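What follows is one structure encoded as C-alpha cells, with my remarks underneath.
The values are calculated or read from the model by the stated rules, or taken from the named source; none is laboratory data. Treat the numbers as computed from the prediction; the structure is a model and nothing was measured. A quick note on method: Cβ atoms are made from the backbone with ideal geometry, for glycine too, and the neighbour counts reach across all protein chains shown. Side chains included, ligands, DNA and RNA excluded: accessible areas come from the protein's heavy atoms. Shrake-Rupley method; radii C 1.70, N 1.55, O 1.52, S 1.80 Å.
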Amino acid sequence: MTDAARPTPKIRPLNIVIAVVAIVAGTLLAWGGWTLHGQRALVDRIAEIRTEAGTTMGEWITNEQARFDALRRATGVAGALRAGDVDAARVALAGDWVGIEAVEVHPADLAAAWAAPAQFGYGKLGLLTSALDADAVRSAVVQDGGRAWVAFAAPIRGKDGLLALGYVRRPLDDLTAPLVADVPSGGYVALRQGSHALVEAGDVQLAGSAELGAVPLPHSRLRVVGAAPYADPGLLGLGGLVEGVAGLLVILGGLALVLVPREKAAAWAQRLVEKRAKALPPAEPTLAEQMEAEPKPVARPIARPIDVRPASPELAVDRSIFRAYDIRGVVGQTLDAEVARLIGRAIGALMGEKGLRGIAVGRDGRLSSPEMARSLIDGLRMSGIDVTDVGMVPTPVAYFAAHELRLGSAIAVTGSHNPPDYNGFKIVVDGETLSGAAISDLYVRIAEGRMPVAERRGDLETVDIGQSYIDRIAGDIQIERRLRVVVDAGSGVAGDLGPRLLEAIGADVETLYCDIDGTFPFHHPDPSDPHNLEDPVQAVQRAGADVGLAFDGDGDRLGVVTRSGEMIYPDRLLMLFASDVLERNPGACIIYDVKCSGHLSGYVLRNGGSPLMWKTGHSLIKAKMKETAAELAGEMSGHFFFKERWYGFDDGLYAAARLLEILATRAEEPEEVFAELPKAVSTPELKVLMAEGEPHAFIEAFVAKARFDGARLSTIDGVRADWPDGWGLVRASNTTPILVLRFEADTEDALARVQAEFRTALLAVRGDLALPF
C-alpha cells in the first residue's frame, strides 16, 4: 500500500482530553519548579552578598584597626604626650592615614566626658570605655557632630603606663560601600549595630527575619545581616529540580498521547514486553502448584494461642506525676525510663491526631536527664514523630528551638528548681503549652493504651541551637554602657549559655557556680528563696559588681540582688519591665500572678497599661497571654514572659538581658533605679510542707471555711485577701506538695495584723500546721 493510500491514524477524543490535562498540569508543575528554583537562587544570592560584604567590610575594619594600632604605638605619640603637647600627639597619631576626618586625644580618666556625657556623645564615650577596658583597638559606628561615623579608639601607653585615649573617625560610606551595591529585587541586606540598622537596602519588610546567619565584623558590635522571602526546599530538598523534571515528563507524556499513533504505541509496547520476556529466566512454579505436588501434611492438634498483648500500662504509671502544668516525679519512684517512653508515645499520639510531624527535645543538667530524654525520644519516634534533639540546654532554649526550627512543638526534660532526684517534662504542642486537662489526657491515653505504633519510625536529628539563641538576642539587645554583673547558675543548665549571652550583649560577667552539676552541690537552684542568694550577694560585693543575677535549675526563672545585699523581688522587677514595655506599647495588657505586690496594679495603671491578676503557673500564664494579647507577664517566682520583641514564653536568660538593657540606659546606679520602684513591707514566699496530695484538699476546705472581715477576696488560685493597707495569700503549689503563703502591707504593724488573721484562719482548718510566721 502506498503512503497516499495508507489511512491516517485516528486520535480518540479521550486521548486529546487527557493530553490537554497532562500538558496543563505538567506546565504548572514545571513552572512551580522554576519558581522554587528562583526563590532558592534569591536566598543563595542574599547569603552570598551578606558573606562577601561581611568579608570585605571585615577586612577593611581589620586593616584600619591594624593601622591605628601601629600609629598609637609610635614613639612620637607617646613622646608628645609626655611633653604635654596634645596637638603634636594628634599629628603623630594621624601619620599618613588617608581618609580620616578627625583625630582626638582624651585624658585617660575621661572626667570631662563623664561629667557631660550627652554633650560629649554616649556612643563616643562607650567606644572609648570599651577600648580602655579591652586595652586594645575597638571600633564602632557613633553619632558625632550630628552625623554617623566609623570611629576607632584605643589606649595610648608609654613606659610610664597609660597616657591617654586616642580617637579617630572616618566617613561611614568608606565602610558601607560594598553593602548597598547589587542587592537583587525582593531581598534585604543591612549593616546593624545593636538593634539599629545603620545602612539597609532592599525590602525592609524582611528586616525582622534578617539576623539568621549574620556576619559579625571583628572587634566591634557591627554585623552584616540579610534576608530573602522563605524558599520552600521542594521535593527531596532540591529546590524545584524534581518538580521541574516531573513537569517536563508529564508534558512529554501528554504530547505522546496525541502525536504517537495508537497502533504504533501498542506495537512498541508489545516489542518491549517480548524483549524483556526473553531476558527473564524460566518461571518458577507457583505456590499453588508446589502445594499440589507435595504430600498432604499430617493433621496436628491445634495449640492454644498465646496472648502477646502487653500488660496494661496504667500499672506502671503513677497518676500523681501529671501536675497542673507539667509532668514531674521522683526518679526511681514515680518516674523511670519506661514511664518516659510511654509519655513520649502519648505525646506522639496527640501530635499524630493533630497532623504534626516534628518536635524539638532539650534536657537540663540533672544526672537522670540523658536517660529520660533517650526514652522519651524513643517513644516519640515509635509514634512516627521526627525528633530534633537540641541536647543539654535551658528550657527556654528548647522553646526557642520550636520557633527557630519552625517545628511549633517542644519538650524540655527538666526537674526545674526541684531537688536532684526529681525530673519531668514541660511540653509545648503546636504552640500551646500543655496544662490542666491536656496534661491529664496524656495519663488517660497511657491508661487506655491509645498510643498506636506508627508504620514509619520517626527520624532523629541533632542540632546545636545555643549559638543561634545567643545571636538572636544579641542582634536585638546591645547595652549602651558596660555593666559588671555576677551570674549564679546554681550549678544548673543555664551555667553555659547564661554568661555567654550576657557577654554577647556587652556585659562584663563574673561567674559563680556555672559548672553544670546535676547534684547541685553548693545551693538549691531556686532564686525565689533568699537563702539561695547569699553567695551571689557576697560575690557582687567582692567584685564591686553593679548587680547579681541568679537562674534556677532550668534557666526559665530570674533572681536579682544588689551590691547592698537587697533581693529585688520579681514583682518589683515586673514594674520596671512594664514601664519599659508600655513606653512603646501604651495601653498594653500586663499580667501578674496572685503572689505579686498590691502596688503592681496601680503602677501599671499610672504608666498607661492594663493590669490583670491571674493564676500562678507558667502554662496558665502563657494561655492567658494568648487569650488577652498581653505584651508582658510575670510571676512572683521569677518567671517573666515577654511577647514584645520575643516569643511570649518564660525565659530567665532573656529577662536578664532585658534588665541589663534598661539599667544601662539609666545614668543612675542600679540600686538607685530599683529604689524608685514602689516598695512595701513584705515576706518572701513562705512554704508549709505537706504530704503528697494534701495541699489542694486543704485549700478546698480553707476556701469553704475562711472569713476575712473588711477584705476583698480572690479565689482564682487559693485565697487572697486584700485590705486597704495590706494583703495575704495561701495557695497550693502545683509542682511540690506544699502550701505557699505570702504577705505584704504598708507598715510592720499592718503586716503583723494580716499574718495574725491568716494564722487564725489556717489553724481553724488544721490545728497541727507548722506555720513559718
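From the list 468, 491, 528, the lone residue that is more than 30 Å from residue 114 (Cβ to Cβ) and open to solvent by less than 10 Å² (accessible area, probe 1.4 Å) is 491.
A residue that is open to solvent by 30 Å² or more (accessible area, probe 1.4 Å) and over 30 Å from residue 421 (Cα atoms) can be found somewhere in the stretch 693-702.
Within the option set 66, 92, 88, 53, being at pLDDT 90 or above and within 30 Å of residue 192 (Cβ to Cβ) holds for one residue only, 66.
Residue pairs whose Cβ atoms lie under 6 Å apart, separated by 6 or more positions or on different chains, with the first residue in the stretch 499-527 and closer than 17 Å to residue 418 by Cα and in a loop (DSSP other than H, G, I, E, B) and the second hydroxyl-bearing (Ser, Thr, Tyr) and open to solvent by 50 Å² or more (accessible area, probe 1.4 Å), are 522/513. Which of the residues spanning the stretch 650-664 are touching a helix residue (DSSP H, G or I) at 6+ places or on another chain (Cβ under 7 Å) and open to solvent by 10 Å² or more (accessible area, probe 1.4 Å)? Once the filter is applied, which keeps residues that are touching a helix residue (DSSP H, G or I) at 6+ places or on another chain (Cβ under 7 Å) and open to solvent by 10 Å² or more (accessible area, probe 1.4 Å), the stretch 650-664 yields only 662. Once the stretch 478-499 is narrowed to residues that are aliphatic (A, V, I, L, M) and under 14 Å from the mean Cα position of the chain (by Cα), the residue that is nearest to residue 565 (Cα to Cα) is 494.
If you go through the stretch 326-356 and pick out every residue that is of a type in the set (Lys, Arg) and free of Cβ contacts under 8 Å to residues at least 60 places away in the same chain, you end up with 1.
A single member of 162, 172, 128 is modelled with pLDDT of 85 or more and open to solvent by less than 10 Å² (accessible area, probe 1.4 Å), and it is 128. Residues that are under 30 Å from residue 130 (Cβ atoms), in contact with a strand residue (DSSP E or B) (Cβ under 8 Å, 6 or more places away or on another chain), not β-branched (Val, Ile, Thr) and not in a strand (DSSP E or B) occur in the stretch 395-418; there is at least one. Looking only at residues in the stretch 665-675 that are open to solvent by 10 Å² or more (accessible area, probe 1.4 Å) and part of a helix (DSSP H, G or I), which one is nearest to residue 396 (Cα to Cα)? Among those that are open to solvent by 10 Å² or more (accessible area, probe 1.4 Å) and part of a helix (DSSP H, G or I), it is 665. Restricting the stretch 348-366 to residues that are under 12 Å from residue 493 (Cβ atoms) and open to solvent by 10 Å² or more (accessible area, probe 1.4 Å), which is nearest to the chain's Cα centre (by Cα)? Among those residues, the one meeting the criterion is 363. Regarding residue 748, is this residue acidic (Asp, Glu) and open to solvent by less than 20 Å² (accessible area, probe 1.4 Å)? The answer is no for residue 748.
Quick check on the stretch 718-735. Is at least one of its residues closer than 20 Å to residue 570 by Cβ, part of a helix (DSSP H, G or I) and under 40 Å from the mean Cα position of the chain (by Cα)? Checked against the condition, which is being closer than 20 Å to residue 570 by Cβ, part of a helix (DSSP H, G or I) and under 40 Å from the mean Cα position of the chain (by Cα), the stretch 718-735 yields no hits at all. Screening 470, 446 for residues that are part of a helix (DSSP H, G or I) and under 19 Å from residue 373 (Cβ atoms) leaves exactly one candidate, 446. Against the condition in contact (Cβ under 8 Å) with a residue 12 or more places away in the chain and either over 27 Å from residue 619 (Cα atoms) or basic (Lys, Arg) (or both), how does residue 542 come out, does it pass? No: the conditions fail for residue 542. If the requirement is being touching a helix residue (DSSP H, G or I) at 6+ places or on another chain (Cβ under 9 Å) and among the aliphatic types (A, V, I, L, M), which of these qualifies: 504, 437? Only one candidate passes the filter, namely 504. Can you say whether residue 475 is small (Gly, Ala, Ser), modelled with pLDDT of 95 or more and on the phi > 0 side of the Ramachandran plot, as far as the supplied structure shows? When the stated conditions are applied, residue 475 does not pass them.
So which residues in the stretch 380-409 are without any contact (Cβ under 8 Å) to a residue 60 or more places away in the chain and within 18 Å of residue 337 (Cβ to Cβ), if there are any at all? Once the filter is applied, which keeps residues that are without any contact (Cβ under 8 Å) to a residue 60 or more places away in the chain and within 18 Å of residue 337 (Cβ to Cβ), the stretch 380-409 yields nothing. When residue 415 is tested against (1) of a type in the set (Gly, Ala, Ser); (2) surrounded by 20 or more Cβ atoms within 10 Å (Cβ to Cβ); (3) farther than 25 Å from residue 527 by Cα, exactly one condition is not met: (3).
Table: residues versus (1) surrounded by 21 or more Cβ atoms within 10 Å (Cβ to Cβ); (2) out of contact with any Asp or Glu (no Cβ under 7 Å at 6 or more places or on another chain); (3) modelled with pLDDT of 85 or more.
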| position | (1), (2), (3) |
| --- | --- |
| 79 | no, yes, yes |
| 122 | no, no, no |
| 134 | no, yes, no |
| 182 | no, yes, no |
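Condition first: closer than 30 Å to residue 227 by Cα and among the small types (Gly, Ala, Ser). Can you find one or more residues in the stretch 150-161 that meet it? Yes, that holds for at least one residue. A single entry from 443, 399 fulfils the requirement of being more than 14 Å from residue 555 (Cβ to Cβ) and either of a type in the set (Phe, Trp, Tyr) or in contact with a Cys (Cβ under 9 Å, 6 or more places away or on another chain) (or both): 443. The C-beta contact set for the stretch 432-459 (first residue among the basic types (Lys, Arg), second residue open to solvent by 30 Å² or more (accessible area, probe 1.4 Å), distance under 6 angstrom, 6+ apart or interchain) comprises 457/381.
With respect to the conditions (1) open to solvent by 50 Å² or more (accessible area, probe 1.4 Å); (2) under 30 Å from residue 663 (Cα atoms), residue 678 lacks only one, and its number is (1).
Selection of the stretch 689-717 for residues being of a type in the set (Gly, Ala, Ser), closer than 30 Å to residue 426 by Cα and in a loop (DSSP other than H, G, I, E, B) yields 691, 693.
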